[in-house]
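Peer 1: First the structure, which I've put down as structure tokens, then a few questions once you've had a look.
The values are calculated or read from the model by the stated rules, or taken from the named source; none is laboratory data. None of these values were measured; they are calculated from a predicted model. FYI the Cβ positions are ideal-geometry reconstructions off the backbone, even for glycines, and counts take in every protein chain you see. All accessible areas refer to the heavy atoms of the entire protein, side chains included, with ligands and DNA or RNA removed. Shrake-Rupley method; radii C 1.70, N 1.55, O 1.52, S 1.80 Å.
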Amino acid sequence: MALLVGLAAGCGDRGPTRYRVSGTVTFQGKPVPLGAIQFTPDTSKGNRGPAAFAGIKNGRYDTAASGQGFVGGPQVVTVDAFDGVIVDPDLLPSGKPLLKNQYRKSFDLPKDKDAPLDIELSE
């Protein structure tokens, strides 16, 4: 009995509630072939918690399918986008970058539910 109580007590702290975010990522009106997206709580706006992430494939991402969900509130979203043409897997495993610099922009996401977010990348 003591073992069951100890096991149940260890399962209590699972961190903040995370929510699913999904959508599309395009560049010059076309789906981004391959990449990664990250959602970091914007501490400059008082938001705290773990970052969320997902892979991008054929212009789509979903933290429920390939990543980790976000904590609600203001987020800094970062995207790495690649052409997906893998000529040298050691040097460029995801292909050539589509942007000169990493995409970074702030978004306000809901604090209590899943959210859709479509992004058009710009230089």
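Peer 1: Show me, for the range 91-104, the HN-Hα J-couplings you get by feeding each phi into the Karplus relation (A = 6.51, B = -1.76, C = 1.60, θ = phi - 60°), rounded to Hz, glycine and proline as x.
Peer 2: Working through the residues one at a time gives 8, 10, x, 10, x, 7, x, 7, 10, 5, 10, 4, 6, 8 Hz.
Peer 1: Enter the accessible area of D112 (Å², nearest 10), with the probe set to 1.4 Å and all protein chains included.
Peer 2: 110 Å²
Peer 1: Let me ask something else. Compare the Cα positions of P50, G29, V85 along the charge dipole of the chain (+1 at Cβ of Lys, Arg; -1 at Cβ of Asp, Glu; about the Cα centre) and return the one farthest towards the positive end.
Peer 2: The one lying farthest along the dipole's positive direction is P50.
Peer 1: Using a 10 angstrom Cβ neighbour count of at most 11 plus a DSSP loop assignment to flag exposed trypsin sites (Lys or Arg not before Pro), which longest range of the chain is free of such sites?
Peer 2: Within the chain, the longest run free of exposed trypsin sites (Lys or Arg not before Pro) spans 49-99.
Peer 1: Find, to one decimal place in angstroms, the Kirkwood hydrodynamic radius of the chain, where the mean of 1/r is taken over every pair of different Cα atoms and then inverted.
Peer 2: 15.8 Å
Peer 1: Separate question: Placing +1 at every Lys and Arg Cβ and -1 at every Asp and Glu Cβ, with all other atoms neutral, what dipole size does the chain have around its Cα centre, in debye to the nearest 20?
Peer 2: 240 debye
Peer 1: Still on this model: Report relative contact order for the range 28-123 in percent, whole number only (criteria: Cα-Cα under 8 Å, sequence separation at least 6).
Peer 2: 27 percent.
Peer 1: Still on this structure, I have one more. Apply the Karplus curve 6.51 cos²θ - 1.76 cosθ + 1.60, θ = phi - 60°, to the phi angles in the range 106-118 and return the couplings in whole Hz, x for Gly and Pro.
Peer 2: Listing the rounded values in order: 8, 9, 9, 9, x, 8, 9, 6, 4, 9, x, 8, 9 Hz.
Peer 1: Sticking with this one: Say the dipole of the chain comes from +1 at the beta carbon of Lys and Arg and -1 at that of Asp and Glu; which of A64, Q75, P16 then lies farthest toward its positive end?
Peer 2: P16
Peer 1: Just the projected area, averaged over all directions, of the convex hull on the alpha carbon atoms of the range 15-56: how many nm²?
Peer 2: The Cα convex hull of the range 15-56, projected and averaged over all directions, gives 3.9 nm².
Peer 1: OK, next. Report the FRET efficiency, 1/(1 + (r/R0)^6), for T26 and S106, where r is their Cβ-Cβ distance and R0 is 22 Å, rounded to 0.05.
Peer 2: E between T26 and S106, to the nearest 0.05, is 0.70.
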